[in-house]
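A.B. asks: Pasting a structure here, questions to come.
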Amino acid sequence: MVTLRGPRVLLRLPQMRDYEAWHRLRRESQDFLRPYEPRWTELDLARRVYAMRVRRARQEVEEGTDYTFFIFLGEDRSEHLVGGITLSNIRRRAAQFVNLGYWMGQQYAGKGLMTEAVGVVVSFIFESLDLHRIHAAFLPHNTASRRVLEKNGFVEEGYAQHYLQINGRWEDHVLMGLTRERWETARLGQRHWVA
């Protein structure tokens, strides 16, 4: 069981005991998340579908292809589910990269929690997974997502038309990247990110 810790957050794989908290958070944040995610139906929130997600998440970790983390906050940092981070499409050999995606429950947005969680997972990617590059993408009008990435050292690398299907429509995305070299330089104090 992979568990990652930051000053305020704890990240771990989803478990069946998280279903009620996940279901409640997704329901409460449905309108908030709709403009930024693929289309969700009522079926996607069902316990049976969630159970398949949990099984698939564990299998993908065992295969080393994807990592799905839930983000928790609380006194013991495992009380309140606040969002999630996904590391997908891990590539080895000459590529050595991963795609980063994330979501945050509406009531927890804008508090710096996702910035912290992404920072924790970036360290995991470079130190534990030993990858060389992280890719991320966001909708051009999603300034909050841009700030999360910039505060963690990502730089804009391009613009992709009709990149992902969001809420039933193919949407353009800004492409961001972070290399091991840039991250290590910042860790050594030779460069600071935008505050």
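A.B. asks: Each residue of the stretch 129-136 in turn: what ³J(HN,Hα) in whole Hz from Karplus with 6.51, -1.76, 1.60 and θ = phi - 60°, glycine and Pro shown as x?
C.D. replies: 7, 6, 8, 9, 8, 10, 9, 8
A.B. asks: The chain: Rg/Rh from Cα coordinates, Kirkwood Rh?
C.D. replies: 0.94
A.B. asks: Amide H to amide H under 5 Å from ASN167: which residues, 5+ apart in sequence or cross-chain, H placed 1.01 Å off N in plane?
C.D. replies: Placed amide hydrogens put GLU37, ARG39 under 5 Å from ASN167.
A.B. asks: Report the label-to-label distance for ASP31 and ALA51 in nanometres (one decimal), using points 7 Å from each Cα along the Cα→Cβ vector.
C.D. replies: Taking the simple label geometry, ASP31 and ALA51 are separated by 3.3 nm.
A.B. asks: Another question, then. Per-residue HN-Hα couplings for the stretch 17-25, Karplus 6.51 cos²θ - 1.76 cosθ + 1.60 at θ = phi - 60°, whole Hz, x for Gly and Pro?
C.D. replies: 5, 8, 4, 4, 5, 5, 4, 5, 5
A.B. asks: Add -39500 (n - 2.57) for each DSSP H run of 4 or more in the chain, then divide by its residues: what number comes out at 222 nm, to the nearest 500 deg cm²/dmol?
C.D. replies: Value at 222 nm, helices only: -9000 deg cm²/dmol.
A.B. asks: Hey, another quick one. Report the net charge of residues surrounding ALA144, where surrounding means a beta-carbon distance below 12 angstrom and charges are Lys +1, Arg +1, Asp -1, Glu -1.
C.D. replies: Taking every Cβ under 12 Å from that of ALA144, the sum is +3.
A.B. asks: Report, by chain and number, residues whose modeled amide H sits under 5 Å from the one on ASP172, excluding near sequence neighbours (fewer than 5 apart, same chain).
C.D. replies: Residues meeting the criterion, in which the H sits 1.01 Å from N, are HIS162, TYR163.
A.B. asks: Using only alpha carbon pairs under 8 Å that are at least six residues apart, calculate the relative contact order of the stretch 3-187 and give it in whole percent.
C.D. replies: Answer for the stretch 3-187 is 21 percent.
A.B. asks: Right, something else. Report, by chain and number, residues whose modeled amide H sits under 5 Å from the one on GLY112, excluding near sequence neighbours (fewer than 5 apart, same chain).
C.D. replies: Residues meeting the criterion, in which the H sits 1.01 Å from N, do not exist here.
A.B. asks: Now for a separate question. In nanometres, what is the gap between the two model label sites at ARG93 and ASN142, each 7 Å from Cα along Cα-to-Cβ?
C.D. replies: 3.0
A.B. asks: Please determine, in degrees from 0 to 90 and to the nearest 10, the orientation of helix 113-123 with respect to the longest principal axis defined by the Cα atoms of the chain, where the helix direction is its Cα long axis.
C.D. replies: The angle comes out near 60 degrees.
A.B. asks: Please rank VAL121, VAL82, VAL2, fewest neighbouring Cβ atoms within 10 Å first, as an exposure proxy.
C.D. replies: Exposure proxy ranking, most exposed first: VAL2, VAL82, VAL121.
A.B. asks: What's the whole-number percent of alpha carbon pairs in the stretch 82-170 lying beyond 18 angstrom?
C.D. replies: Value for the stretch 82-170: 47 percent of Cα pairs lie more than 18 Å apart.
A.B. asks: Roughly what angle does helix 47-63 make with the longest principal axis of the chain, taking Cα atoms, 0 to 90 degrees, to the nearest 10?
C.D. replies: Here the helix axis deviates by roughly 30 degrees.
A.B. asks: Could you identify which residue out of THR179, THR41, THR68 has the top mean-square fluctuation in a GNM of the chain using Cα springs shorter than 10 Å?
C.D. replies: Highest fluctuation among the options: THR41.
A.B. asks: Which of GLY177, GLY84, GLY168 moves the most in a Gaussian network model of the chain with Cα springs under 10 Å?
C.D. replies: GLY168
A.B. asks: Whats the longest run of the chain with zero GluC sites (Glu not before Pro) that are DSSP loop and have at most 15 other Cβ atoms within 10 Å?
C.D. replies: The longest uninterrupted stretch comes out as 80-195.
Every number here is computed from the coordinates shown, using simple stated rules; none is lab data. Just so it is clear, the structure is predicted and the values come from calculations on it, not from any experiment. A quick note on method: Cβ atoms are made from the backbone with ideal geometry, for glycine too, and the neighbour counts reach across all protein chains shown.
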